[in-house]
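Colleague: I have a structure here, written as structure tokens, and I will follow up with some questions on it.
Nothing in this text is a laboratory measurement; each read-out follows from the coordinates by a stated rule. Small disclaimer: the values here were computed from a predicted structure and weren't measured. With ideal geometry, Cβ positions are generated from the backbone for all residues, glycine too; neighbour counts draw on all protein chains shown.
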Amino acid sequence: MIQPKAKALQKRLHERLSRIEIKKNHGYALSWEDWEELGRCYYYLRDERATEYLRRAALLVVEQRVGTIDPRSSSSLFEHAGDWFYAANLYRLIGDEASMRACIAKVRALEGYPVWMEWPVNVEFYWDLLALSALMEGDAPQALIYDAKIAALPQRENPDRPWSGRLAEAIVQTDVSAIRAIGDELHGLLTRYHGKPWDTSYLNLWDWYEFTDRVAAEVERAAVPTE
């Protein structure tokens with residue numbers, strides 16, 4: 001796996017700390033983005049301070065982003081699901097599995113709303129979130145169920161198969177080379193779109209690039225026969 005450059009991370013860390021100090025001096029409240037950027041920089045520097053800052057960010061995502069939903073609007077449902085997924089991923093990064101699963105349960109709880117099918121584009125991306133959530137929980141077969149739901153939609157915003165489904169299939173088939181190939185594709189996207197490790201997003205591609213590398217290593221170890 002290609003690692004983020006420490007020099008760039010340290011520079012961004014210094015810039016964000018300076019902006020936070022200015023905000024504090026002017027009496028402005030800090031947002032999840034402030035803490036998330038700090039946490040992400042520390043995370044990729046492998047500094048233990050990442051845990052504190054990413055936890056603060058996750059708590060503020062729930063406090064500042066998650067709002068009431070309009071059950072008649074699939075876009076409202078997707079936004080709500082995306083915010084809970086956002087928090088779940090931050091908890092995943094710090095290894096807080098209980099909090100991660102609690103947030104994923106909030107994402108999954110929205111699946112029964114019939115309004116989804118009125119706007120299939122939203123349900124396409126929602127099912128992709130659920131597939132990614134299942135991968136986060138280590139349940140690749142469940143991710144494949146959502147991948148099949150996406151494939152069966154009569155209308156698709158993106159005709160290509162989501163990499164969540166492809167990754168799930170590669171895990172189920174214990175195909176390490178296919179998992180690493182998906183990681184290479186994700187790195188290609190990072191290069192093309194100038195993705196940064198500190199980008200604040202419910203789906204930061206650096207996270208998933210690292211995730212595929214970790215999964216590939218786990219599958220590889222599991223495939224080695226023990227004496």
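Colleague: Quick one: compute the contact order of the chain, relative version, from alpha carbon pairs under 8 angstrom and 6+ residues apart, as a percent. Spell out each step's value before the answer.
Modeller: Numbers: 280 pairs, mean separation 35.0, N = 227.
Computed over the chain, the figure is 15 percent.
Colleague: Using +1 at the Cβ of each Lys and Arg and -1 at the Cβ of each Asp and Glu in the chain, identify which of W163, F211, L54 lies farthest towards the dipole's positive end.
Modeller: Checking the options against the dipole of the chain, the answer is L54.
Colleague: Roughly how big is the chain's charge dipole about its Cα centre, with Cβ charges of +1 (Lys, Arg) and -1 (Asp, Glu), in debye to the nearest 20?
Modeller: 740 debye
Colleague: If you don't mind, another one. Could you tell me the distance between the Cα centroids of the stretch 133-199 and the stretch 62-92, to the nearest Å?
Modeller: 21 Å
Colleague: What size of dipole, in debye to the nearest 20, comes out for the stretch 59-136 about its Cα centre when the only charges are +1 on Lys and Arg C-beta atoms and -1 on Asp and Glu C-beta atoms?
Modeller: About 160 debye.
Colleague: When you have a sec, figure out the Kirkwood radius of the stretch 33-104 from all distinct Cα pair distances and drop it here in Å to one decimal?
Modeller: When all Cα pairs of the stretch 33-104 are included, the Kirkwood radius is 12.5 Å.
Colleague: Taking square-rooted eigenvalues a ≥ b ≥ c of the alpha carbon gyration tensor, is the chain rounded, prolate or oblate, where a/c under 1.5 means rounded and, failing that, a/b exceeding b/c means prolate?
Modeller: oblate
Colleague: Further question: In whole percent, what relative contact order does the stretch 19-128 give with Cα contacts below 8 Å and a gap of six or more residues? Walk me through the numbers on the way to the answer.
Modeller: Working: 126 pairs, mean separation 22.7, N = 110.
Value for the stretch 19-128: 21 percent.
Colleague: How high is the relative contact order of the stretch 155-227, in percent, counting Cα pairs under 8 Å that sit 6 or more residues apart?
Modeller: 34 percent
Colleague: Listed highest first by mean packing, meaning other Cβ atoms within 10 Å per residue, what order do 100-111, 3-14 come in? Mind showing how you got there, number by number?
Modeller: Details: 100-111: 17.9, 3-14: 14.2.
Top to bottom by mean Cβ count within 10 Å: 100-111, 3-14.
Colleague: Rounded to the nearest 20 Debye, what is the dipole magnitude of the stretch 1-133 about its Cα centre when Lys and Arg each give +1 and Asp and Glu each give -1 at the C-beta? The partial results should precede the final answer.
Modeller: On the way: 19 positive and 19 negative charges, 126 e Å.
The calculated dipole for the stretch 1-133 is roughly 600 debye.
Colleague: Given the -39500 (n - 2.57) contribution per DSSP H run of 4+ residues, what per-residue ellipticity at 222 nm results for the chain, rounded to the nearest 500 deg cm²/dmol?
Modeller: So the helix-based figure for the chain works out to -22000 deg cm²/dmol.
Colleague: Given q = 0.13, 0.18, 0.21 Å⁻¹, what are the Debye log10 I(q)/I(0) values for the stretch 1-131, with equal point scatterers placed on the Cα positions and solvent ignored?
Modeller: Rounded to two decimals, the profile gives -0.64, -0.98, -1.12.
Colleague: Per residue of the stretch 38-47, what does 6.51 cos²θ - 1.76 cosθ + 1.60 with θ = phi - 60° give for ³J(HN,Hα)? Whole Hz please, x for Gly and Pro, Karplus curve as stated.
Modeller: After applying 6.51 cos²θ - 1.76 cosθ + 1.60, I find 4, x, 5, 4, 5, 4, 7, 8, 6, 9 Hz.
Colleague: Can you compute 3J(HN,Hα) from phi for each residue in the stretch 187-202, using the Karplus curve 6.51 cos²θ - 1.76 cosθ + 1.60 with θ = phi - 60°, rounded to whole Hz and x for Gly and Pro?
Modeller: 5, x, 5, 4, 5, 5, 9, 6, x, 10, x, 8, 4, 8, 7, 5
Colleague: Can you bin every Cα-Cα distance in the stretch 98-227 into 5 Å intervals starting at zero and give me the percent of pairs per bin, rounded to whole numbers?
Modeller: Bin by bin from 0 Å, the calculated values are 2, 10, 18, 20, 21, 16, 8, 3, 1, 0, 0, 0.
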